[in-house]
């Protein structure tokens with residue numbers, strides 16, 4: 001007796017279906033084998049390159065897709081987790097923002113089709129579940145968590161609301177992990193400026209574009225997509241902010257110390273102070289008289305400094321006083337010397 005697969009309610013494996021006998025029709029559902037004359041309105045459209053050869057449609061019909069949603073809801077306990085599981089299976093881009101768009105607009109049976117239709121909006125064109133993985137990984141990297149820490153803390157982080165001021169600054173429509181990544185890049189760039197720096201309106205707009213481009217480049221690199229155009233755009237934006245590496249090198253090469261700059265200014269535009277304030281504390285005079293003067297004199301140099309030193313020295317030189325007795329004594333000495 002052949003073994004049969006018994007699917008319990010606790011299993012995540014969906015039940016098998018009986019193959020259809022409609023052999024003459026063209027498009028076949030890979031799950032139920034039901035045949036359809038056309039794909040449109042019978043199969044969900046897909047952004048994944050995996051299904052490009054299938055006309056850009058999933059190989060599973062709408063009916064089976066709704067059955068899978070019902071199955072995973074009973075297994076996982078909620079619709080959101082069930083939809084994410086389906087997105088993972090069929091390489092569909094998953095984003096909580098898209099899920100929030102559904103609201104009460106769709107009935108329970110067609111909500112999965114409503115979700116897939118919204119992933120085909122222009123804003124999400126080309127995105128697949130690989131982009132979902134990249135965005136989740138980027139969130140963990142920006143938060144500085146290890147893989148084990150991210151697995152433990154991801155649920156709590158998803159529940160953390162994004163501040164309204166952050167949403168107003170970056171604009172509506174981003175998933176929470178994107179807002180966190182953008183804020184992380186913005187904080188990095190602002191840390192390079194002096195504390196308290198306020199950017200102008202134009203600089204602030206350029207900084208927003210820089211942060212967006214950096215994240216886009218990282219995602220394209222992870223997906224092995226070309227990044228040359230994005231890198232060129234980023235370099236142009238960095239040039240507009242004067243933070244391009246080549247500009248920084250030019251600034252370093254042309255750097256002039258503050259003292260040298262002051263000296264050049266004094267040579268071209270010397271300051272001429274009031275005579276009463278030229279040398280209030282006498283430092284300039286003392287250096288010329290008591291430093292340069294003795295230095296020149298001991299070196300045998302006759303100049304204004306040595307003369308100034310002599311003049312200052314006379315002020316402090318003590319002359320021996322002359323008395324009348326000294327004059328008489330000098331005269332007698334002169335007479336005695338004459339007799340001899």
Original post:
Do we find that residue 228 is under 26 Å from residue 119 (Cβ atoms) and at pLDDT 85 or above in this structure?
Top reply: no
Original post:
Within the stretch 35-46, is there a residue that is surrounded by fewer than 17 Cβ atoms within 10 Å (Cβ to Cβ) and in a helix (DSSP H, G or I)?
Top reply: no
Subject >> residue 273, sole failed condition from (1) under 54 Å from the mean Cα position of the chain (by Cα); (2) surrounded by 13 or more Cβ atoms within 10 Å (Cβ to Cβ) >> reply: (2)
Subject >> Residues within the stretch 200-232 that are without any contact (Cβ under 8 Å) to a residue 60 or more places away in the chain and either more than 18 Å from residue 188 (Cα to Cα) or not assigned by TED's automatic domain parsing to the domain that holds residue 180 (or both), tallied >> reply: 13
Original post:
Quick check, is residue 236 loosely packed, with under 11 Cβ neighbours inside 10 Å, within 30 Å of residue 214 (Cα to Cα) and either out of contact with any strand residue (DSSP E or B) (no Cβ under 7 Å at 6 or more places or on another chain) or at pLDDT below 85 (or both)?
Top reply: no
**OP:** Check residue 32 against each of (1) out of contact with any helix residue (DSSP H, G or I) (no Cβ under 7 Å at 6 or more places or on another chain); (2) within 21 Å of residue 69 (Cα to Cα); (3) part of a loop (DSSP other than H, G, I, E, B); (4) at pLDDT 60 or above and name the one condition it does not meet.
**Re:** (1)
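Here is a yes/no grid of residues against (1) more than 17 Å from the chain's Cα centre (by Cα); (2) at pLDDT 90 or above; (3) surrounded by fewer than 13 Cβ atoms within 10 Å (Cβ to Cβ); (4) not in a loop (DSSP other than H, G, I, E, B):
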| site | (1), (2), (3), (4) |
| --- | --- |
| 138 | no, no, no, yes |
| 149 | yes, no, yes, yes |
| 154 | yes, no, no, yes |
| 157 | yes, no, no, yes |
| 174 | yes, no, no, no |
| 178 | no, no, no, yes |
| 204 | no, no, yes, yes |
| 216 | no, no, no, yes |
**OP:** Give the stretch 60-89 a look and list any residue that's in contact with a strand residue (DSSP E or B) (Cβ under 9 Å, 6 or more places away or on another chain) and either surrounded by fewer than 18 Cβ atoms within 10 Å (Cβ to Cβ) or not assigned by TED's automatic domain parsing to the domain that holds residue 100 (or both), or say none.
**Re:** none
**OP:** For the stretch 90-107, name all the residues that are part of a helix (DSSP H, G or I) and surrounded by 15 or more Cβ atoms within 10 Å (Cβ to Cβ).
**Re:** 97, 98, 99, 102
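The values are calculated or read from the model by the stated rules, or taken from the named source; none is laboratory data. Just so we're clear, the structure is a prediction, and the values are computed from it rather than from any experiment. For neighbour counting, all protein chains shown are included, and Cβ atoms are generated from backbone atoms with ideal geometry for every residue, glycine included.
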